[in-house]
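Have a look at the structure below before the remarks.
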Amino acid sequence: MTQTGEKLVPHPHLKQFYEDESQREEFVNRIFDDTASKYDPVNNILSLGSGIRYRKQALIRSGLTSEMSVLDVATGTGLVAAAEISIVGPKGSVTGLDRSYNMLIEVGNKLNIPLIQGDANVLPFADNSFHFLTMGYALRHVDDLKGTLKEYFRVLKPGGILLILELMRPTNKMIYRIVQLYFRLMVALISIPGIGGKNEGRLIKYYWDTIDKFVGSNIIINTLSETGFEEAKSHQIFNFFTEFTAIKP
């Protein structure tokens, strides 16, 4: 378990990206702001075009239905939010929150939903506000895992569902080597001007390093239980794509 003071941080200090742990938040904000305009095509390359179908299936599998109110934390360019809108329908609602201003500009150009610039550790919502809360591939980037999950618990209604989509370090050695090689190839490909660029290549390198050093699934599930959630569990595909779900009693 990786702890800094009272915080439960998602991974150790990555010196190749920032010199001091206090600089991590600034680095994360900057790299997502700098890559927002090219994030969707880069994501499409990484997911081999399967992302749209998988996100919707994961949402339905986790219990999202029509007329629910949803908060999508770290909404990015709205990839998860778009799938949520198609499920909850006109009587439901989806709100997006992200620390990156440029990411919010991108999603605002595509989706007509409330958008708020904010931090997962300090959500600007009242207690018991949402039926469903999602976070797509961003738990690795928060400042404090326990503090973030406490906030998720607070803003969910009783009976509310939490879904966290993540990429976890494969425990199977062969799959680990395949995924590691794939990310290395993607760093080289996406760094090419016209496909991506230097910033986009650096983002993919950062992605892999955070995946490789991320805390294990057992720590996430245990922390969910410690913060008050029930039925905390994970569902994994190809020993890599992971869905963490839990319910607020």
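Each reported figure results from applying straightforward, stated rules to the coordinates on display, with no laboratory input. Values in this document were obtained by computation on a predicted structure and should not be read as measured data. Using ideal geometry, Cβ is built from the backbone for each residue, glycine included, and neighbour counts are taken over all protein chains shown.
Just how large is the dipole of the stretch 66-214 about the Cα centre, in debye to the nearest 20, putting +1 at every Lys and Arg Cβ and -1 at every Asp and Glu Cβ?
Here the size comes out at about 540 debye.
How much of the DSSP bridge set in the stretch 102-249 is antiparallel, in percent, rounded to the nearest 5?
Bridges in the stretch 102-249 are about 65 percent antiparallel.
Rounded, prolate or oblate: which one fits the stretch 33-89, using the alpha carbon gyration tensor with axes a ≥ b ≥ c (rounded when a/c is under 1.5, else prolate when a/b beats b/c, else oblate)?
oblate
Residue farthest toward the positive end of the dipole of the stretch 118-184, with Cβ of Lys/Arg at +1 and Asp/Glu at -1: which of Val179, Leu123, Tyr152?
Farthest towards the positive end: Val179.
In whole angstrom, note down how far apart the Cα centers of the stretch 65-116 and the stretch 191-249 are.
20 Å
Before rounding to the nearest 500, sum -39500 (n - 2.57) across all DSSP H runs of length at least 4 in the chain and divide by the residue total; then give [θ] at 222 nm in deg cm²/dmol.
Value at 222 nm, helices only: -13000 deg cm²/dmol.
Of the options Thr227, Ile105, Leu46, report the single residue whose Cα projects farthest towards the positive end of the charge dipole of the chain (beta-carbon charges: Lys, Arg +1; Asp, Glu -1).
Going by the Cα projections, it comes out as Leu46.
May I ask you to list, by number, the DSSP H helices of the chain whose Cα span along the axis is at least 18 Å and whose average Kyte-Doolittle hydropathy reaches -0.5 or more?
173-190
Pop a pseudo-label 7 angstrom from the Cα along the beta-carbon direction at both Asp20 and Arg53 and give the gap in nm to one decimal.
Modelled inter-label distance: 4.9 nm.
Tell me whether the chain comes out rounded, prolate or oblate; compute the Cα gyration tensor, take square roots of the eigenvalues as a ≥ b ≥ c, and use a/c under 1.5 as the rounded threshold.
rounded
Might you report the magnitude of the Cβ-based charge dipole of the stretch 1-124 about its Cα centre, with Lys and Arg at +1 and Asp and Glu at -1, to the nearest 20 debye?
Taking the Cα centre of the stretch 1-124 as origin, the dipole is about 600 debye.
Take every DSSP beta bridge with both residues inside the chain and express the antiparallel ones as a percent of the total, to the nearest 5.
45 percent
Let me check I've understood the local charge: for Gln236, count other residues with C-beta under 13 angstrom from its C-beta, Lys and Arg +1, Asp and Glu -1. What total comes out?
Charge balance near Gln236 sits at +1.
For the stretch 119-249, what is the per residue volume of the convex hull drawn over the alpha-carbon atoms, in cubic angstrom?
Hull volume over Cα atoms, normalised by residue count, gives 112 Å³.
Rounded to the nearest 20 Debye, what is the dipole magnitude of the chain about its Cα centre when Lys and Arg each give +1 and Asp and Glu each give -1 at the C-beta?
800 debye
What pairs in Lys110/Lys157; Lys15/Lys213; Lys205/Lys233; Lys15/Lys150; Lys7/Lys233 have C-alpha atoms more than 19 Å from each other?
In this structure, Lys110/Lys157; Lys205/Lys233; Lys15/Lys150; Lys7/Lys233 lie more than 19 Å apart at Cα.
Using only the Cα atoms of the stretch 133-175, what semi-axes does the equivalent ellipsoid have when each is the square root of 5 times a gyration tensor eigenvalue? Give whole Å, largest first.
Here the semi-axes work out to 25, 13, 8 Å.
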